[in-house]
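Everything on this sheet refers to the single structure shown next.
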Amino acid sequence: MLSILKSRCFRQGFRTGKFPDAPPNLPERFQGRPVIAAGKCTGNCTICRDTCPADAIIQEEKGIMLDLGKCLFCGKCAESCPEKAIEFTNEYRIGSFKREGLYCRPGDTYVPEVQTDEKFKRFCGDSLKIRQVSAGGCAACELDFNVLHTLAWDMGRFGIKAVASPRHADCLLITGPITENMLLALKKTYAAVPRPSWVIACGTCAVSGGIYAGNPEVHNGLEEILKVDLYVPGCPPHPAVLLEALLRLMGKK
Amino acid sequence: MNNKFLILANSSSAAFASVPLLSIGEFRTNLIQAVQEKHCRVSSFFAMPEKNDFRLIAVLADDAAAKIYITSAMTTERYPSLTVDVPAFHWFEREIHEQYGILPEGHPWLKPIRFQKKEDGSGDKVQIGVTDYFQVKGSTVHEVAVGPVHAGVIEPGHFRFQCLGEEVMHLEIELGYQHRGVEKMLLNAPDKKTIHIMETVSGDSSIAHATAYAQLIESLDPSLVPSENARKLRAAAAELERIANHTGDLGALAGDVAFLPTASYCGRIRGDYLNTTAILCGNRFGRNFIVPGGIRQTITPENTAEILKRLDTFQVELNDALHLMFDAPSVLDRFENTGKVPYETSVQIGMVGAAARASGDAQDIRKTHPYGAYKTINTEPVVAGNGDVLSRAEIRYKEIETSHQLLRNLLAEIKETVEAVPMREPVLQSNSIAVSLTEGWRGEVCHVAITGPDGKFCRYKITDPSFHNWFGLALALRGEAVSDFPICNKSFNLSYCGHDL
Ligand code: SF4
């Protein structure tokens, strides 16, 4: 007992991060929301599209569009662009309430969305109970969501909690590209959540299928399965990215 | 052994034509002999369509000789099961049956392991979970079914416990919910997606799988040669992966017996190690770090110095957190003699990695089939003898120690900036076979590639350590209480997606 107290007071101490009062500690090489320089991208080469492993870059009339909902944040497009038109910034506030919020175009000015849904704020503004369902996730998204429980992030401070039973949940947080083999279990879990209920797509796989999109064994993410209320891209999303998005969803920011 | 097996060293390749093609009878006899008499381990066993038939290919690891043996035989629809003589084949034969419809005659428990269609997409899909389960009958016997969606934040799987009161007589583990069709996606690869698939085969073992893949490509494209320092950094990333996962699991074990100090501290400290991996590549799981030919990020002496500096603080804090747990009689009482897998069982069913070492089996690919930087840096397998939860926990505790030592040695030797290698698609030798083994934090990761005339994969076989060990977890539960499942499970902490592919 004494050694436990000693360790608590003198060696381990208080370690909960300062976020959201201060910006989170992100790795120096962190890849956040990219900016595409309007003047630089000529729009008439295909190098970034050919390089992208996830088919996340699409040619549009007015130049390229980079879809974060498909992006692995590998940085290969930025590396390959001869004009150096793509640059990944450390903007971590990339969660979006709309699928289109994940589209990056040349010259965009980005402002994270604000929660305006009063009903959501009324139901979940101070207490968000989450039932997580993995449907083909490689465990990275699951692990980095789990990390929010640890004292480093302590999401309980904000009234966010993962619950065991869908009956106790306000929302599902879904990871993975949605395997055919998990589809039924996912639907049953969703049906068991009392209404009103919400859905969070956590990680690029859950948003669009990610690297597994187009495979017959998976369903290209939640796109055609459930209506999504929060999209959090990343492979996996950094804990700061996910926590920030959850807080914004609750209208806390 | 010579004309019965193709003999390879770890991470090397040969012409596919040099793989002996034996009759089924000879094939079986040689495999059984190699396992029973030479104590080889079954690293992989799989089928590949060839002409109108199938070729069965077995990959054995001879740990004593640091050699890998490969042999093959043709089959049409059926052959006498190997499981009957060598139980370590049991899961592989179920896999082959499911993927290609080849019947291993006499297999004691032949049912799907993933509930997928055949690899060529033909046939009907069996609804997952709808199957016969091993059942114990009796008026006081009851069955507990758990999953696929578990109580915690974890991947899905279905567990059936046959219980008499609290005692578990048998546990059957039904997987496949995470099946994404990985091996099928690798046909006609490598392409720009391949490395990213490897990094997500099993998300907490990105480095182990990416390294296995990179080494395999390097053996098939001799123009891709990683520098000595790049090899060291790969090994350093692997050791960080090992420490982070062991730390997380020890914390989770503490949590499961309600020893909260260690649970809380380890939860945080695990993150510290993941953040250290992110120094290398910006990603906490080590993604975008390893590529065939070297590493994808330029690492400066400042980076390595920063890692070394952090290790000093983390190790002290981690030791403190773990010491509390291993010093608490209430914890030890729960761990000791719980979830035992005896040495003989472990060897018989082909367990690998930390779990096998906890049962006294001194296997560790870093030592027995050294690769990359482990060729020049010596590491002895950490072994314990009791095969219980405590042994599996102690192994991880000690491995954390040795991994820190390895990390320090590896990083201290890097004096200058290690450059990223430029992106380029590999050009592979055609009609070849290559095998690559690495020691992931769970155990042996085995990748086998066979290339066709165009230098593209016509078969790519991945065997995650979890594939060997899930049955070990099932056996660990025999005779234990249902309430011991969490600590037994955490002491193995196996991968669902790595198994399901
Ligand atoms: S960073 Fe995203 S968009 Fe760019 S190449 Fe990688 S996956 Fe494609």
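The values are calculated or read from the model by the stated rules, or taken from the named source; none is laboratory data. Just so it is clear, the model here is predicted, and its values are computed rather than measured. All Cβ positions, glycine included, derive from the backbone under ideal geometry; neighbour counts span all protein chains shown. Note: areas computed on protein heavy atoms with side chains; ligands, DNA, RNA excluded. Shrake-Rupley method; radii C 1.70, N 1.55, O 1.52, S 1.80 Å.
Okay, here's what the table says:
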{"read-out": "Counted residues, region A:222-244 - those being in a loop (DSSP other than H, G, I, E, B) and within 12 Å of another protein chain (Cβ to nearest Cβ)", "value": "5"}
{"read-out": "Counted residues, region A:206-221 - those being within 23 Å of A:Gly32 (Cβ to Cβ), facing chain B (nearest Cβ under 10 Å) and touching a helix residue (DSSP H, G or I) at 6+ places or on another chain (Cβ under 7 Å)", "value": "2"}
{"read-out": "Filtered residues of region B:273-331 (kept if more than 12 Å from chain A (Cβ to nearest Cβ) and at positive phi)", "value": "B:Gly293, B:Gly294"}
{"read-out": "Residue in region B:192-207 that is of a type in the set (Gly, Ala, Ser) and away from every other protein chain (no Cβ under 13 Å) present", "value": "no"}
{"read-out": "Region A:28-38, residues that are within 11 Å of chain B (Cβ to nearest Cβ) and away from the ligand (no atom under 16 Å from the Cβ)", "value": "A:Glu28"}
{"read-out": "Residues satisfying the stated conditions in region B:260-269, i.e. more than 8 Å from chain A (Cβ to nearest Cβ) and open to solvent by 10 Å² or more (accessible area, probe 1.4 Å)", "value": "B:Leu260, B:Ala263"}
{"read-out": "Positions within region B:101-111 being open to solvent by 30 Å² or more (accessible area, probe 1.4 Å), in contact (Cβ under 8 Å) with a residue 24 or more places away in the chain and either within 16 Å of B:Gly157 (Cβ to Cβ) or outside any strand (DSSP E or B) (or both), in sequence order", "value": "B:Gly101, B:Gly106, B:Pro108, B:Trp109"}
{"read-out": "Those residues of region A:70-100 which are more than 16 Å from the ligand (Cβ to nearest atom) and small (Gly, Ala, Ser), in sequence order", "value": "A:Gly95"}
{"read-out": "Residue in region B:149-167 that is under 18 Å from the mean Cα position of the chain (by Cα) and part of a helix (DSSP H, G or I) present", "value": "no"}
{"read-out": "Odd one out for B:Ile243, checked against (1) within 11 Å of chain A (Cβ to nearest Cβ); (2) within 26 Å of B:Thr277 (Cα to Cα)", "value": "(1)"}
{"read-out": "Test: A:Gly136 is of a type outside the set (Ser, Thr, Tyr), in contact (Cβ under 8 Å) with a residue 40 or more places away in the chain and farther than 26 Å from A:Arg93 by Cβ", "value": "yes"}
{"read-out": "Top-ranked residue of region B:152-182 - restricted to ones that are of a type in the set (A, V, I, L, M) and either open to solvent by less than 10 Å² (accessible area, probe 1.4 Å) or away from chain A (no Cβ under 14 Å) (or both), ranked as nearest to B:Ser483 (Cα to Cα)", "value": "B:Val168"}
{"read-out": "Output for region A:220-236, where each listed residue is open to solvent by 10 Å² or more (accessible area, probe 1.4 Å) and either charged (D, E, K, R) or touching a residue at least 60 places away in the same chain (Cβ under 8 Å) (or both)", "value": "A:Glu223, A:Glu224, A:Lys227, A:Val228, A:Asp229, A:Tyr231, A:Cys235, A:Pro236"}
{"read-out": "Selection status of A:Lys121, open to solvent by 40 Å² or more (accessible area, probe 1.4 Å), within 16 Å of A:Pro237 (Cβ to Cβ) and touching a Gly at 6+ places or on another chain (Cβ under 8 Å)", "value": "no"}
{"read-out": "Residue count for region A:101-117, restricted to those that are free of Cβ contacts under 8 Å to residues at least 60 places away in the same chain and within 14 Å of the ligand (Cβ to nearest atom)", "value": "1"}
{"read-out": "B:Gln405 being under 21 Å from the mean Cα position of the chain (by Cα) and open to solvent by 60 Å² or more (accessible area, probe 1.4 Å)", "value": "no"}
{"read-out": "Residue match in region B:442-452 (condition: without any contact (Cβ under 8 Å) to a residue 60 or more places away in the chain, aliphatic (A, V, I, L, M) and touching a Ser or Thr at 6+ places or on another chain (Cβ under 6 Å))", "value": "no"}
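Quick grid of which residues meet (1) open to solvent by 20 Å² or more (accessible area, probe 1.4 Å); (2) more than 14 Å from chain B (Cβ to nearest Cβ):
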residue	(1), (2)
A:Thr51	yes, no
A:Lys62	yes, yes
A:Cys74	no, no
A:Lys84	yes, yes
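Rundown of residues vs (1) small (Gly, Ala, Ser); (2) in a helix (DSSP H, G or I), yes/no style:
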residue	(1), (2)
B:Thr438	no, no
B:Ala449	yes, no
B:Gly455	yes, no
B:Ile462	no, no
B:Trp470	no, yes
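Okay, residues lined up against (1) over 19 Å from the mean Cα position of the chain (by Cα); (2) modelled with pLDDT under 95; (3) on the phi > 0 side of the Ramachandran plot; (4) of a type in the set (Ser, Thr, Tyr):
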{"site": "B:Met198", "(1), (2), (3), (4)": "no, no, no, no"}
{"site": "B:Ile207", "(1), (2), (3), (4)": "no, no, no, no"}
{"site": "B:Ala210", "(1), (2), (3), (4)": "no, no, no, no"}
{"site": "B:Tyr213", "(1), (2), (3), (4)": "no, no, no, yes"}
{"site": "B:Glu218", "(1), (2), (3), (4)": "yes, no, no, no"}
{"site": "B:Arg234", "(1), (2), (3), (4)": "no, no, no, no"}
{"site": "B:Asn245", "(1), (2), (3), (4)": "no, no, no, no"}
